[in-house]
Amino acid sequence: MKERDQYFSRAVEKALAALECVRKSPQPMTLAEISAAVKLTKASGFRLVYTLEALGHLAKTTDGRYFAPAESRHQEMVKQAAEPQERLSMEFCETASLAGLFENHIEVLSVFESTQLMRMGNTVGRILPPNASSLGKAITAFQPPEIAEKLVRSYGTHYFTPNTITDEIALREEFAQVRERGFAEDLEESIPGGRCFAAPVLGANGFALGAVSLSMPLIRFKGDAQRQAILTAVQETARAIEKRVIGERSPG
């Protein structure tokens, strides 16, 4: 960090610290909590959060607590995920994608495409099926039941291939297995000839903020040893993103 001098703005420092604090919090924060976290009086804290809210960097719940809007949180996650996500893509020469949770859907936030001519592509802004996509399953499985239900109802359980899970009971069982294993797979469920492996990026409360994945054409899939190597790398990438976004997460 650059040495502080007469040009250093403590007000800007406090504002950025408050914004980071709210972004990392699993729950909306009160004015008193934010002020205490950045070591400001409540009066000074109010001016700071009022300004951040006016500029769109913070929003307020009906009971007066503050949170970072989804767009702001997603921008931060994309920024923090870039290095480990690119490293994952380069390690296997395949496409690595990052997805985020929105109010009623799951959306691709960033993509590092494979450099190979034949590849599994992805598109920023694409809405993902929670019943077929590995990213969609990884995020939906790690939500409270009411949010998981909302995501499934909003998108539906559409049929894409003979492998797509469309039965609701089977889908709930799949989500339970994803939670137990800590990863999700797309076994030609969203598109024929494709394999995709994803792990959730968890917040401090244990619920998924997003997920990261590696996608490849089935013709380059070489069996269980490769699968295990990819799953390990994808999960390690998710943990690396978590540490950058929220810091160390307490076990359990």
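The values are calculated or read from the model by the stated rules, or taken from the named source; none is laboratory data. Since the model is a prediction, treat every value here as computed from it, not as a measurement. Note that each Cβ is placed from the backbone with ideal geometry, even for glycine, and that neighbours are counted across all protein chains shown. Ligands, DNA and RNA are stripped out before the accessible areas are found, and what is left, the full protein with its side chains, is counted by its heavy atoms. Shrake-Rupley method; radii C 1.70, N 1.55, O 1.52, S 1.80 Å.
Numbers below:
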read-out	value
Candidates LEU109, LEU19, filtered to the one that is among the hydrophobic types (A, V, I, L, M, F, W, C), under 19 Å from the mean Cα position of the chain (by Cα), surrounded by 16 or more Cβ atoms within 10 Å (Cβ to Cβ) and closer than 26 Å to ALA148 by Cβ	LEU109
Subset of the range 214-224 [under 20 Å from LYS137 (Cβ atoms) and in a loop (DSSP other than H, G, I, E, B)]	PHE221
Residue in the range 225-241 that is part of a strand (DSSP E or B), in contact with a Ser or Thr (Cβ under 8 Å, 6 or more places away or on another chain), modelled with pLDDT of 95 or more and buried (at least 17 other Cβ atoms within 10 Å of the Cβ) present	no
The range 28-43 residues that are under 17 Å from LYS60 (Cβ atoms), paired with ones that are at pLDDT 90 or above and among the aromatic types (Phe, Trp, Tyr) (beta carbon under 7 Å, 6 or more apart)	LEU31/PHE46
Qualifying residue in the range 172-189 (condition: under 15 Å from the mean Cα position of the chain (by Cα) and either at negative phi or among the β-branched types (Val, Ile, Thr) (or both))	yes
Hits in the range 90-116 - residues which are closer than 21 Å to GLU242 by Cβ, free of Cβ contacts under 8 Å to residues at least 40 places away in the same chain and of a type in the set (A, V, I, L, M, F, W, C)	MET90, PHE102, VAL108, VAL111, PHE112
Flag for ARG179 being in a helix (DSSP H, G or I), under 20 Å from PRO130 (Cβ atoms) and open to solvent by 50 Å² or more (accessible area, probe 1.4 Å)	yes
Options ARG119, ARG153, ARG87: the member that is outside any strand (DSSP E or B), farther than 15 Å from PHE197 by Cα and touching a residue at least 60 places away in the same chain (Cβ under 8 Å)	ARG87
Subset of the range 156-176 (residues that are assigned to a helix (DSSP H, G or I) and either open to solvent by 80 Å² or more (accessible area, probe 1.4 Å) or touching a helix residue (DSSP H, G or I) at 6+ places or on another chain (Cβ under 8 Å) (or both))	GLU168, ILE169, LEU171, ARG172, GLU173, GLU174, PHE175, ALA176
So ILE219, is it under 18 Å from PRO84 (Cα atoms) and β-branched (Val, Ile, Thr)	no
So SER35, is it over 19 Å from PHE207 (Cβ atoms), of a type in the set (Ser, Thr, Tyr) and open to solvent by less than 30 Å² (accessible area, probe 1.4 Å)	yes
Residue within the range 193-208 that is out of contact with any His (no Cβ under 7 Å at 6 or more places or on another chain), aliphatic (A, V, I, L, M), modelled with pLDDT under 95 and part of a loop (DSSP other than H, G, I, E, B) present	yes
